[in-house]
Amino acid sequence: MSNPTGVMFYYYFVCKRKLWFFCKGITLEDNSEDVGIGKLIDENSYKRENKHINIDNVINIDFIRDWEILHDIKKSRSVETASVWQLKYYIYYLRKKGVDIEKGVLDYPKLKKRIDVFLEDGDVEKIEKIIDEIDGINKLQIPLSIENKKICKKCAYYELCYV
Ligand code: SF4
């Protein structure tokens, strides 16, 4: 597999079964009401920025300021670990391409909060291990078992897992 996408990296932390569905091209997320709300917040909150930057179909970021700071807009802090690691992956990926990204920022316009995200000691090793693990999950013939998480009820794949 080539470089995992940011969404894959995110799903790795959210649910590995979800990651497998996504790797196999089963994408139901656009039908989810939550994503709709997320897009609405996005469209109304940052009108003056250069937005929606897609790099190599790997990175899909809300906006980049001066090619130094990545901004990712989120509606809630419910899967914050996944959001943090997705941003760390973007910093890692862009630095490898020679773009000296200083940090990422998670923006929560609804909560009026911001969290700075840095690539710290040991993160590169962890990211490279996760890239290998995502590759392993992608190669599986059948999905991993249901993880039965709090987020399942809001997950776009709920019907594939429980109905
Ligand atoms: S419904 Fe739950 S187990 Fe199934 S893919 Fe979504 S988060 Fe994972």
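When a footprinting reagent is the concern and you count Cβ atoms within 10 Å, what order do GLU120, GLU80 take, fewest first?
Exposure proxy ranking, most exposed first: GLU120, GLU80.
Sorting check: for 110-116, 132-138, 71-77, 18-24, which peptide has the highest mean count of neighbouring beta carbons within 10 Å, and how do the rest follow?
18-24, 71-77, 132-138, 110-116
For the chain, what is the calculated [θ] at 222 nm in deg cm²/dmol (nearest 500), taking -39500 (n - 2.57) for each run of four or more DSSP H residues and dividing by its residue count?
Rounded to the nearest 500, the figure is -13000 deg cm²/dmol.
For the residue pair LYS24 and SER2, what label-to-label distance in nm results when each label sits 7 Å from Cα along the Cα-to-beta-carbon direction?
The answer from the label model is 2.3 nm.
With θ set to phi - 60°, apply the Karplus curve 6.51 cos²θ - 1.76 cosθ + 1.60 along the range 80-87 and write out the HN-Hα couplings as whole Hz, x wherever there is a Gly or Pro.
Whole-Hz 3J(HN,Hα) from phi for the range 80-87: 5, 4, 4, 5, 4, 6, 5, 5.
I need the per residue convex hull volume for the range 73-163, using only the alpha carbons, in cubic angstrom as a whole number.
131
Taking the chain, how much of its Cα-Cα pair set, in percent, is spaced more than 18 angstrom apart?
Value for the chain (Cα pairs over 18 Å): 61 percent.
In whole percent, what relative contact order does the chain give with Cα contacts below 8 Å and a gap of six or more residues?
Once divided by the residue count of the chain, the mean separation gives 29 percent.
Here, each number is a calculation from the coordinates, and none is a lab measurement. Note that the coordinates shown come from a computational prediction; the quantities given were computed from them, not determined experimentally. For neighbour counting, all protein chains shown are included, and Cβ atoms are generated from backbone atoms with ideal geometry for every residue, glycine included.
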